[in-house]
Structure formats: C-alpha cells, structure tokens
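In what follows, a single structure is set out as structure tokens and then discussed.
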Amino acid sequence: ASGYWIGNGSNTSWNNTANWSATTGGAGGSSVPVSTDDVTFDGGGTGKCQIDATVNIKSITVATAFTDTIFQNAYTITLGTTASAFSGGKFMGSSSSITCNGAFTLSGTVFKSTSGTFTSAANFTFSSGTFTHNNGTLKFTATNTITGNITLYDVEFNAASSSKTFTVAAGTTLTVDHNMTISGAYTGFVNTGTINLKGDIYLNSTALGGGGSSTLNIIGTGNQRIYGSSAYNTCRLINLNINKTSGTLYLSGIIAVTASWTYTAGTIDGSTYNGTVEFNGTLTITGSHTLHKVRFANLYTTNTYTLASGTTLTVT
C-alpha cells in the first residue's frame with residue numbers, strides 16, 4: 001500500500017486520515033500509514049507535517065517537490081527494509097529514536113537528526129543537502145556501506161547479533177565531533193575510508209579479534225582517551241594515526257592493535273590509567289614516541305613487527 005501526504009498547511013497532523021491519500025494529490029480519507037505502507041511526500045501535498053503518533057512504516061520518500069517541513073516531535077520513527085530517501089523539504093528531529101532498517105539516502109534535504117539514537121541497519125548515503133547531528137548518535141548495526149563526507153557527534157559500530165563488516169566507502173571521511181564506540185558480542189570490522197575523531201574511543205566489544213582497514217585519525221584539540229578492553233586480543237583497533245596539535249591522549253586498559261600504529265604529533269599519557277598497547281598482527285609502527293606498557297603478541301600466527309626507519313619506541 002502507498003500513503004501520500006496531501007496536507008495543505010491548515011491541518012498538520014500526521015495522525016489524521018484527512019491528510020492521507022492512496023494517490024498523489026488525491027482525495028483524503030486514506031488510512032494513516034502503518035508498517036506495510038510506503039509513504040511519500042511530494043508536490044501533491046505541500047503543507048508542513050507534525051508527527052503526533054508513533055510512526056512504524058515500510059519506507060519514506062521525501063521528493064524534491066515537497067518544500068515544507070516534517071517535525072518528529074516526541075515520537076519514535078521506525079522504517080522497514082525498503083529503501084528510504086530524503087531529497088526535498090526539511091526534516092526536524094527531536095530526542096526520540098529513529099530506526100532505519102533499509103537503505104537510507106540523504107540528497108538535498110535539510111535533515112536535523114535526533115539527539116537520541118539514529119540506528120542504521122543498511123547502507124547509509126549522504127550525497128547533498130545538510131545533515132545536522134543534533135548531538136545525537138548514529139549507530140550502525142548491519143553490514144553497512146557508509147558513503148559521503150559527513151560530520152557526526154557520536155558514532156557506534158555495533159555487532160550485536162553476528163559478526164559485521166562496516167565499510168566506509170573509499171574517499172569518504174567521517175568527522176566525529178564527540179565519541180566513537182565499537183560494541184557488541186561479535187567481531188566487528190571497519191574497512192576503508194577515514195574517520196577523524198575529536199573525542200574519545202570506547203573499545204567495548206567483548207569479541208576476540210576485529211579491526212579493519214579504515215584509518216582512524218586522533219585529531220582533537222582537547223584531552224582524548226582510548227578506553228581499551230579488560231582482555232587481550234579483544235576489540236582490535238583499525239589503522240591509527242595520532243595527530244594532536246594540543247591536549248593529551250590518555251591510554252587505558254588493553255588496546256589491541258592489528259593494523260598500523262602511527263604517531264605524528266601530540267602528547268601521549270599511558271601511565272595515568274595504566275594503559276597497555278597490545279600489538280597483535282604483522283604491522284608497522286611509525287614515529288618516535290613514548291608508551292607505558294607494550295605487548296607483542298603471537299597468538300595464532302607468527303607476526304612481524306616493524307619499527308619504521310628512524311622510529312624509536314620508548315616504553316616506560
């Protein structure tokens with residue numbers, strides 16, 4: 001079934017059958033959309049929409065012909081596995097959760113996310129428009145491909161139900177203004193692309209292994225901290241580049257590293273929180289710097305650890 005928004009501004013309620021039609025620009029009186037309905041906002045209805053009930057629909061398409069605003073207000077939004085796309089108008093998120101189980105594309109819309117959690121369980125694409133993170137969390141929970149340079153507040157890669165591979169598309173940079181978390185009971189890999197992190201990173205996954213080929217740049221100007229695991233070989237880091245112009249990077253717990261470890265600039269403090277850097281994989285360590293505790297592990301295969309030419313690693 002399809003539900004078309006036909007509101008003209010005099011009645012702005014989502015939860016009113018008068019604002020819904022089975023055809024674009026058609027007569028009102030169609031049912032308020034439910035989980036089996038694909039919802040469309042287009043030129044057939046140009047008035048603003050105030051969401052005033054919990055939304056659970058199959059998908060949503062906001063076409064370029066829609067020029068007004070959709071307000072989330074205090075209601076959760078759940079989108080099904082059919083692709084959803086925002087190409088017109090404005091979407092104003094609140095603090096309630098948004099869950100998108102299908103592909104999500106933002107191309108032209110002014111999109112203010114929720115200050116709570118936006119959960120993405122399929123591909124996430126930003127090609128144009130404006131994405132405002134609203135100090136919320138963007139949580140990836142499936143084998144996602146994330147495409148398009150975008151600034152986030154908190155980002156979480158969560159492998160809760162099974163092992164996952166999260167792909168940051170080649171050429172894509174995710175800028176994270178606050179914190180990054182890797183979580184779940186299963187192995188998570190983050191591949192390709194770049195993540196520029198200005199806050200802390202939490203290695204919360206309880207699974208052995210993990211890692212990936214993405215590059216994580218530690219670039220915050222204030223103090224930052226890597227919260228490691230309590231067990232060896234758990235929740236491995238991706239390629240890491242420490243490049244801080246000010247502030248201190250604190251290391252705590254066991255920080256498992258299976259990819260490259262690069263020091264470019266900044267102050268590292270591994271002793272305050274008794275941090276251990278566990279190198280576990282054939283990898284290269286680049287840039288002279290000081291760590292508190294270091295462990296070179298050969299758990300399953302023989303690894304080769306290379307100190308790049310000119311690099312001195314001091315262990316206190």
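Quick rundown of the values:
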item	result
Full-stretch length increase - N204, L307 - with 0.36 nm per residue and alpha-carbon distance subtracted	34.3 nm
Share antiparallel - DSSP beta bridges, the chain, percent rounded to 5	5
For T69, distant residues with modelled amide H under 5 Å away	K48, C49, K90
Relative contact order (%) - region 24-124, alpha-carbon pairs under 8 angstrom, separation at least six	21
Listed residue pairs exceeding 22 Å between alpha carbons, taken from K58/K164; K139/K198; K112/K139; K164/K198	K58/K164; K164/K198
P(r), alpha carbons of region 1-115 - 10 Å bins starting at zero, rounded %	16, 53, 30, 1
Projected area, mean over directions - the chain, Cα convex hull, nm²	16.4
Under the Karplus curve 6.51 cos²θ - 1.76 cosθ + 1.60, θ = phi - 60°, whole-Hz ³J(HN,Hα) for region 191-202, x wherever Gly or Pro sits	10, 6, x, 9, 10, 9, 10, 9, x, 8, 10, 10
Value of relative contact order over the chain, rounded to a whole percent, pairs C-alpha under 8 Å and six or more apart	7
Per-selection Kirkwood Rh - region 188-227 (Cα, Å, 1 d.p.)	11.3
Estimated vicinal HN-Hα couplings, Hz - region 299-316 in sequence order (Karplus 6.51, -1.76, 1.60; Gly, Pro = x)	7, 10, 9, 7, 9, 10, 9, 10, 8, 4, 3, x, 8, 10, 9, 9, 10, 7
Candidate aspartates and glutamates - alpha carbon under 20 Å from K244, same-chain residues fewer than 8 apart omitted	D154, D177, D200, D269
Average silhouette area of region 77-158, convex hull of alpha-carbon atoms, in square nanometres	4.5
Long-range amide H partners of T99 with built H, under 5 Å	I77, T78, L79, T119
Whole-Hz ³J(HN,Hα) from phi, Karplus 6.51 cos²θ - 1.76 cosθ + 1.60, for region 45-56, glycine and proline x	x, 10, x, 5, 10, 9, 6, 10, 7, 4, 10, 9
Straight-distance crosslink candidates among aspartates and glutamates, where the alpha carbon sits under 16 Å from K90 and sequence neighbours closer than 8 are dropped	D42, D68
Average accessible area per residue (Å²) across the chain - probe 1.4 Å, nucleic acids and ligands excluded	39
Sulfur and carbon atoms: percent of accessible area, the chain [1.4 Å]	48
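The values are calculated or read from the model by the stated rules, or taken from the named source; none is laboratory data. It should be emphasised that the depicted structure is a prediction, and the values quoted were computed from it without experimental measurement. For accessibility, only protein heavy atoms count, side chains too; no ligands or nucleic acids. Shrake-Rupley method; radii C 1.70, N 1.55, O 1.52, S 1.80 Å.
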